1. If you check Glu188 against the conditions, is it in a helix (DSSP H, G or I), at pLDDT 95 or above and either surrounded by fewer than 21 Cβ atoms within 10 Å (Cβ to Cβ) or more than 14 Å from the chain's Cα centre (by Cα) (or both)?
2. So Ser145 ticks every box in (1) small (Gly, Ala, Ser); (2) in a helix (DSSP H, G or I); (3) more than 17 Å from the chain's Cα centre (by Cα) but one. Which box is left unticked?
3. Under 8 Å by Cβ, and 6 or more places apart or on different chains, what pairs join a residue from segment 179-201 that is free of Cβ contacts under 8 Å to residues at least 60 places away in the same chain with one that is among the hydroxyl-bearing types (Ser, Thr, Tyr) and in a helix (DSSP H, G or I)?
4. Please work out which one of (1) in a loop (DSSP other than H, G, I, E, B); (2) touching a residue at least 12 places away in the same chain (Cβ under 8 Å) is the condition Glu151 fails and give its number.
5. Can you tell me which residue within segment 88-105, out of those that are in contact with a Lys or Arg (Cβ under 9 Å, 6 or more places away or on another chain) and part of a helix (DSSP H, G or I), is surrounded by the most Cβ atoms within 10 Å (Cβ to Cβ)?
6. For the structure I just gave you, tell me whether Arg101 is touching a residue at least 60 places away in the same chain (Cβ under 8 Å), at negative phi and of a type in the set (Lys, Arg).
7. Residues of segment 148-162 being on the phi < 0 side of the Ramachandran plot and either in contact with a strand residue (DSSP E or B) (Cβ under 8 Å, 6 or more places away or on another chain) or surrounded by 18 or more Cβ atoms within 10 Å (Cβ to Cβ) (or both), which ones?
8. Which of the residues belonging to segment 48-68 are assigned to a loop (DSSP other than H, G, I, E, B), touching a Ser or Thr at 6+ places or on another chain (Cβ under 8 Å) and among the charged types (D, E, K, R)?
Amino acid sequence: MGLSTGVLVDAWGDWPELVRRAADVSPYAVELSALSGTELPGLTEYLRSSPRLPFRYVSVHAPSKDPSGDEAELLGRLPLWVRSIVVHPDVLPSDLTPYRRLGSRLLIENMDARKTEGQSVAELAEIFTELPDAGFCLDVAHSWSLDHSAEQHLSHDLLDAFRRRLRHVHLSSLDEDGQHVELSLEHEELFAPVLDRCRDVPWILEASPPLRWS
């Protein structure tokens, strides 16, 4: 388990500080989040400087807003020890050739109820047809936003379809505005059967760890 640096809003852009604070949560895994297109050049430059990082698993979250158009080129310059690059399908361009070059490091994340695409098995299957080497990032809170059932059918359907592509999990709860917040006890219990199927991949927290865990 590890932290997404997108949680640490007061230090955005200060990559050494973000790394230090993420490592305080977990030295195993991290997701370095360049959520805006303006942040990605700085992150790429930082990682190409060969910083000493404590993590066994390093991933990058590509911009989900304000794209500049050259994201695929910058992502392709990331060092090979960056294991995964998470992208939102709704910001992918019509020509996916540059992203196809990222191979198996590219992860497609399922979207939440606020989006109009990239939510269902069928919609994601179309993307994987165009990006056959890409992996899958399951965001359990996103699928919950579309399926509030106790059985969590959508999450299980996504795993049934794309389990062999699964590379990591995003874990949190969502507030009324769809923003990632600390995982509630209710959701911890509700998501447990889904997470039980994801024990062999990193779980990335998209909010601070619940105080009850300490």
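The values are calculated or read from the model by the stated rules, or taken from the named source; none is laboratory data. Since the structure is predicted, the reported quantities are computational estimates derived from the model, not experimental observations. Reconstructed Cβ throughout: ideal geometry from the backbone, glycine too, with neighbour counts over all protein chains shown.
1. Spelling it out, Glu188 is indeed in a helix (DSSP H, G or I), at pLDDT 95 or above and either surrounded by fewer than 21 Cβ atoms within 10 Å (Cβ to Cβ) or more than 14 Å from the chain's Cα centre (by Cα) (or both).
2. Exception for Ser145: condition (3).
3. Phe191/Ser155; Val194/Ser155
4. (2)
5. Looking at residues that are in contact with a Lys or Arg (Cβ under 9 Å, 6 or more places away or on another chain) and part of a helix (DSSP H, G or I), I get Arg105.
6. When the stated conditions are applied, Arg101 does not pass them.
7. Of everything in segment 148-162, those that are on the phi < 0 side of the Ramachandran plot and either in contact with a strand residue (DSSP E or B) (Cβ under 8 Å, 6 or more places away or on another chain) or surrounded by 18 or more Cβ atoms within 10 Å (Cβ to Cβ) (or both) turn out to be Leu154, Ser155, Leu158, Leu159, Phe162.
8. Listed by number, the list holds a single entry, Asp66.
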